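One structure is given here, and the rest of the page talks about it.
The values are calculated or read from the model by the stated rules, or taken from the named source; none is laboratory data. Remember, it's a predicted structure, so these values are computed and weren't measured experimentally. Glycine also receives a Cβ, built like all others from the backbone with ideal geometry; neighbour counts cover every protein chain displayed. Ligands, DNA and RNA are stripped out before the accessible areas are found, and what is left, the full protein with its side chains, is counted by its heavy atoms. Shrake-Rupley method; radii C 1.70, N 1.55, O 1.52, S 1.80 Å.
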Amino acid sequence: MMTLRSKTDPLLLIIMAMVLVTLAGCSEDFFTREAGDRITPDQHYTSFRDASISSMGALATLQEAMPRLIMLDGLRSDMMEVTPNADADLREVNNHIFSPGNPYIDPSDFYKVIVNLNEVLANLNRVAENDVEFDEYSAYYHTGMLLGMRAWVYLTMVRQYNQAAYIEDNLTSLPENLEQNILGKEEMIDTLINQLIPYIYDPTQGIEQLEYPVHLFSYINTKAILGELYLERGEYANAVTYLKMACESHLNQLYKVDNTYKDDGWSTIFLNASSAITENFSVIPFNSKEFQNNSLADWLGHSYQYLVKPSEVLINSFMAQIPASGEAGDLYRGLGISFGVDTIWKTSETEFETESYITKYAVDQADPASSDIILSRAADVHLLLAEAYNRMGDEASQELALIFLNQGIKNESPKPSGYATWNKNTGIRGRVYLTPQEVPESLTGEDRIRYIEDLIMAERALELAFEGKRWHDLVRVAERRGEPEFLADKVAAKFEGTGQYDEIHSRMMNPSNWYLPVN
């Protein structure tokens with residue numbers, strides 16, 4: 001494998017990284033979808049900066065797609081419930097019945113991103129021809145980054161639809177008949193893994209790591225995506241390798257879940273998320289001043305449309321957590337952070353009811369429409385790493401899974417093999433001062449694996465609430481175990497005590513109902 005050295009000016013690399021992370025700085029005109037009337041590829045792809053801006057711009061339609069994906073995930077899982085304000089489309093999603101025209105199941109924006117990424121990939125050679133700063137390393141880096149982002153889009157689609165139309169690399173517009181290139185989930189995952197492997201830094205293969213201390217947005221995320229692909233495929237050792245690499249790609253303090261966002265600081269992960277560079281791998285920013293509004297602010301806000309709310313199941317889980325000290329409840333991630341509760345008085349001072357609402361996208365209360373949406377962050381990857389370690393099955397790996405879940409590497413002496421530089425890692429529960437989860441000594445074998453896996457899934461529900469992860473988690477574990485009741489029980493739980501419980505539970509017992517219809 002070839003060895004690549006960067007001869008690029010560090011300042012240009014920093015600019016590139018900041019451009020990729022800070023979509024919010026772009027004008028409204030930049031995000032106009034009709035590009036043909038402004039500039040042509042031969043005029044545009046002439047410099048390193050053009051390549052960086054184009055890479056960023058390719059993701060523009062995710063500003064529209066991601067809010068819908070968050071709603072889709074929350075309502076299909078046990079994260080969200082509809083309010084009386086919800087329209088028929090959202091009620092369909094909540095009940096797992098979908099009409100062809102339901103906008104929440106429309107994949108077209110994801111296909112637009114793929115076509116946009118293909119266009120940039122197809123024109124990188126123009127940059128190399130016109131800008132000497134765009135050297136062999138720059139081309140390698142950009143290609144890996146773009147393939148990683150495209151893999152994320154494809155993985156998201158096959159998780160939703162169990163298939164996707166694979167658009168060939170040389171196609172920079174949608175072909176008339178997408179059905180000719182349909183790949184099922186397993187085939188797509190294999191395809192994506194094969195595409196990413198050549199663009200992953202591996203110190204044993206002579207590819208030299210970037211020397212400059214900059215936040216490299218999607219290249220690091222590419223490693224995390226590859227780890228997720230292996231996790232989906234059930235290759236747990238490979239999943240561990242690449243998820244761990246994603247957390248170790250840069251300076252020691254980056255991506256290690258340390259004290260940077262401990263206790264009260266946890267909520268600041270979501271305040272200008274693109275600047276939270278020790279936690280967040282990939283972010284889709286919004287900026288209301290540039291007319292790039294995050295729709296979730298309107299859809300979720302208690303004083304706005306208030307279309308959905310947190311499920312009682314989720315609220316009860318937050319409130320049942322036991323902190324290291326103080327009153328019961330998840331003090332730093334729960335009430336007042338991920339969700340809120342208001343008292344609504346009725347006709348007298350003694351008659352009232354409470355209404356819960358989602359606040360995770362209103363941490364910046366002065367401008368919730370500018371709240372960013374995080375695609376991937378360190379806590380997410382750590383919990384995936386714990387999941388993969390646990391599934392490896394040996395005692396040492398299971399112990400590592402519990403360490404990441406609970407109090408982290410920091411408190412381990414001696415440090416586990418391979419984690420000597422993780423001195424500041426606090427673990428997921430340790431960062432928010434919750435008591436560690438323990439496993440009964442009587443459990444062994446598969447029973448122990450499942451028990452730990454249940455703990456990890458429960459923690460992901462709390463740490464990543466309303467971030468678009470829960471439905472995929474439920475499907476992955478239910479399919480892995482061959483037990484549809486794992487998913488059915490959890491989804492139906494939010495209908496407990498209503499006439500819909502049996503209907504929803506029965507529908508979810510059929511795995512064919514776990515995937516959206518392809519229109």
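When the solvent-accessible surface of protein heavy atoms is calculated with a 1.4 angstrom probe, in what order do L171, L226 fall, highest first?
From most accessible down to least: L171, L226.
Quick one: ranking H382, H302 by accessible area, 1.4 Å probe, largest first, what do you get?
Values: H382 0, H302 45 Å².
Largest accessible area first, the residues go H302, H382.
Given the whole protein assembly as supplied and a 1.4 Å probe, what does the accessible area of K309 come to in Å², nearest 10?
Spelled out: K309, probe radius 1.4 Å, area about 60 Å².
Among the listed pairs K360/K424; K424/K494; K185/K490; K112/K223; K262/K415, which are separated by more than 30 Å between their Cα atoms?
In this structure, K424/K494 exceed 30 Å between Cα atoms.
Less than 19 Å apart at the alpha-carbon level, and either on another chain or at least 8 residues along: which aspartates and glutamates does that give for K289?
Straight-distance partners of K289: E28, D29, E64, D298, D364, D367, D372.
Grab the other residues whose beta carbon is less than 11 angstrom from that of D78, score K and R as +1, D and E as -1, and report the net. Show your work: numbers first, answer last.
On the way: positive: R76, R470, K490, K494; negative: D73, E81, E312, D473, D489, E496.
Cβ neighbours under 11 Å give a net charge of -2.
Looking at segment 252-408, send over the antiparallel percent of its DSSP beta bridges, to the nearest 5.
Here the share of antiparallel DSSP bridges comes out near 90 percent.
Per q in 0.17, 0.21 1/Å, what log10 I(q)/I(0) does a Debye calculation on the alpha-carbon atoms of segment 335-491 return?
-1.08, -1.37
Cross-link candidates for K256: which aspartates and glutamates have Cα within less than 12 Å, leaving aside residues fewer than 8 places away along the same chain?
Partners within reach: E248, E279, D380.
Could you tell me what fraction of 2.2 N^0.38 Å the Cα radius of gyration of segment 303-414 comes to, as a two-decimal ratio?
Against the compact-globule rule of thumb, the ratio is 1.43.
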